[in-house]
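Can you keep this structure in mind? I'll have questions shortly.
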Amino acid sequence: MDAATQRLAGLVAVAVGVATHALYFNRYECHMHAVLYLNTFLLTCVGSALALYKGLGVSVGGACAATAYIASCYLLGAYGSLLMYRLFLNPLNRFPGPWPARLSNLYFSFQLGHSDAYYKLQAVHEKYGRFVRIGSNDLSIIDPEAMELTYGNHSKVTKSSWYDNDAPLTSMHTSRSKALHDKRRKVWAPAFSDKALREYEAKIEAVNDRVVQRIGEFKGAPVNVTKWFNLYSFDVMGQLGFGKDYHMVEKGEKHWALELLSEGMQPLALLLPTWLFRASTAVPGLAAGYSKFVQFCVDETSWRVENASEKDKEGSVDIMTSILKAYQGVKQPQKDSMLQADARLIIVAGSDTTAAALTYLFYHLAKDRKQVQKLRDELKPLTRGDWSDKDIRHAQHLNGAINEALRLHPPVPSGVSRLTPKEGMMVGDTCVPGNVTFIMPQYVMGRDESIYQEADSFLPERWYSKPDMIKHKDAFAPFSTGPFGCIGKNLALIELRTLTTRLVLEYDVNFAPGEDGTRLLFNTLDHFTVDLGELDLVFDRV
Ligand code: HEM
């Protein structure tokens, strides 16, 4: 190939690069096909080199050099166009934030080596204000006015590409289609009706009994509550999800699947762009732990389906009982990928979250010793004789304490990822452009002085006798709200209220010698839900 032809080919390649970015990559969601694009690019390079060698008789070295030159020109065009757009044309450029975040989401991902996105988000909001640019097309927003617009029943906001991380494995939770989500939510709904919750209570009570007894066996020696509340919540979800008893509290040991769950969630801590997350988890071996956890969920689903008639005979009701009703007449429903994904959802959504709420609540009860006495004074008169959740449901200080734990330490601390409608949205007098990915980190909002008075203090009274201490009620949504909000909220609250009541009625709670909560506060990993740092408490029988 002569020099003039090569120059012309280079110019055409640059133009094609610019066009593919401007007309395709910059307009459409492309995160699902990263591996395909890479393969197509590589194959095109190999094809061109062969064509030059075989078709035009260019030497092997010459064909490779010419192909490398043209490929580089193409990449120069595509990435040049991308950089120009991100630096000068993107409408998000008027939002404050660290400037390298304009160029790539990887800037923020690189800050997350300690898996502490919620702390990093708090720092950028302190520096830049309510709207912060954290990626090329990403904002973090802590304005309470955005709550209804984002989560309300009539919201036009949708789920972002984050929910495609595992696609095509799609659960109710990761479904981005509102129609599919709503249809599936109807299938789930009976499993969380008042009637179903009443039936679950006996099972929760039995696991509460076990934990209270096991904690008593420590006889005042330090108890690693991070571990024990984790075992508790997993045992409860085994029973309520699949009617299966993992006996983790009895054995005092984590099931291997629980270890794999933490390992498998860890890649989410980096808030990688979806295309990169999908490409890296496609590399054989990199997601081995998570794949094993997924297989565990598939096996548990099969076990539950195969034991369905036995469970029905026992009259045992669990979450799967309701979901499987949608599969009547279907042969081998366990092979349905949505059922498998939903089985995983039961475990992931229901266990880590509740364990986190309990652990942080008991951290605050140990830190402020008046709290246990206040709870006991409130709860004793409500729990004479046989009692159940309905007797304590309206206990104001108890509910206030739970809300404070969820406000100060939301179990989904960095929020859920959403996409603005294509016409954009007005948050107060700020116009957020269309098709922008954003989060509203509950951790940061929970500690914002413009939303809560004395925001860093644990004050259950703000939820009943001191309402002025909450300036924007809407801002509190640890379970999220609206059509995609947590379906397990009432179930979680039953667990939190009943176990807390049992423990504070029977034990005084203090930090173990040498404990001050530092490990819990600073070693906790934020990977959408949280993997908690350890906390040792001492429970002395009253
Ligand atoms: C303190 C405990 C809990 C907290 C803080 C919590 C928080 C949340 C949040 C923030 C979401 C929204 C996720 C998103 O939009 O991406 C959610 C969804 C969900 N949660 Fe919970 N959760 C808790 C307990 C539970 C329990 C016990 C269950 C029972 C299985 C459960 C089941 C679910 C399910 C199935 C969804 C998906 C709902 C949907 O997509 O319609 N959660 N949860």
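The values are calculated or read from the model by the stated rules, or taken from the named source; none is laboratory data. All values derive from a computational prediction rather than experimental measurement. Note that we place each Cβ from the backbone using ideal geometry, even for glycine, and neighbour counts take in every protein chain shown. Heavy atoms of the whole protein, side chains included, go into the accessibility calculation; ligands, DNA and RNA do not. Shrake-Rupley method; radii C 1.70, N 1.55, O 1.52, S 1.80 Å.
Considering only protein heavy atoms and a probe of 1.4 Å, how much of the accessible area of the chain is carbon and sulfur, as a whole percent?
That fraction is 58 percent.
Can you give the accessible area per residue of region 476-542, in Å², using a 1.4 Å probe?
35
Between region 278-328 and region 169-198, what is the separation of their alpha carbon centroids in Å?
Value for the Cα centre distance between the two parts: 16 Å.
Per-residue ellipticity at 222 nm for the chain, helices alone: DSSP H runs ≥ 4 residues times -39500 (n - 2.57), over residue total, nearest 500 deg cm²/dmol?
Details: 23 runs with 277 residues, N = 542.
Only helices count here, giving -16000 deg cm²/dmol.
What is the calculated FRET efficiency for residue 518 to residue 309, with r their C-beta to C-beta distance and R₀ = 56 Å, to the nearest 0.05?
The pair residue 518/residue 309 has a calculated efficiency of 0.60.
If I stretch the segment between residue 422 and residue 328 completely, what's the gain in nm (0.36 nm per residue apart, minus their alpha carbon distance), one decimal?
Using 0.36 nm per residue and subtracting the Cα-Cα distance, I get 29.9 nm.
Take residue 457 and residue 8, extend 7 Å from each Cα along the Cα→Cβ direction, and tell me the distance between the two endpoints in nm.
In this crude label model, residue 457 to residue 8 measures out at 7.9 nm.
Would you please state the base-10 log of I(q)/I(0) at q = 0.12, 0.21, 0.26 1/Å for region 226-303, with intensities from the Debye formula using one equal scatterer on every alpha carbon?
-0.42, -0.97, -1.19
If you count only protein heavy atoms with a 1.4 Å probe, what accessible area per residue comes out for region 3-89, rounded to a whole Å²?
Accessible surface, normalised per residue, equals 64 Å².
Provide Rg and Dmax in Å for the chain, with only Cα atoms included in the calculation.
26.6, 96
May I pose another question? For 397, 255, 247, give the ranking by accessible area with the largest first, probe 1.4 Å.
Largest accessible area first, the residues go 247, 255, 397.
With angles folded into 0 to 90 degrees, how steeply does helix 288-306 sit against the dominant principal axis of the chain? Use alpha carbons for both and round to 10.
60
Starting from the 7 Å offset along Cα-to-Cβ, what nm value, one decimal, do you get for the label separation of residue 89 and residue 39?
3.1
Can you compute the modelled spin-label distance between residue 79 and residue 202, with each label point 7 Å from Cα toward Cβ, in nm?
Reported label-point gap for residue 79 and residue 202 is 6.5 nm.
Straight-line reach from residue 159: which aspartates and glutamates have a Cα under 14 Å away, not including same-chain ones fewer than 8 places off?
Excluding near neighbours in sequence, the set is 29, 138, 182.
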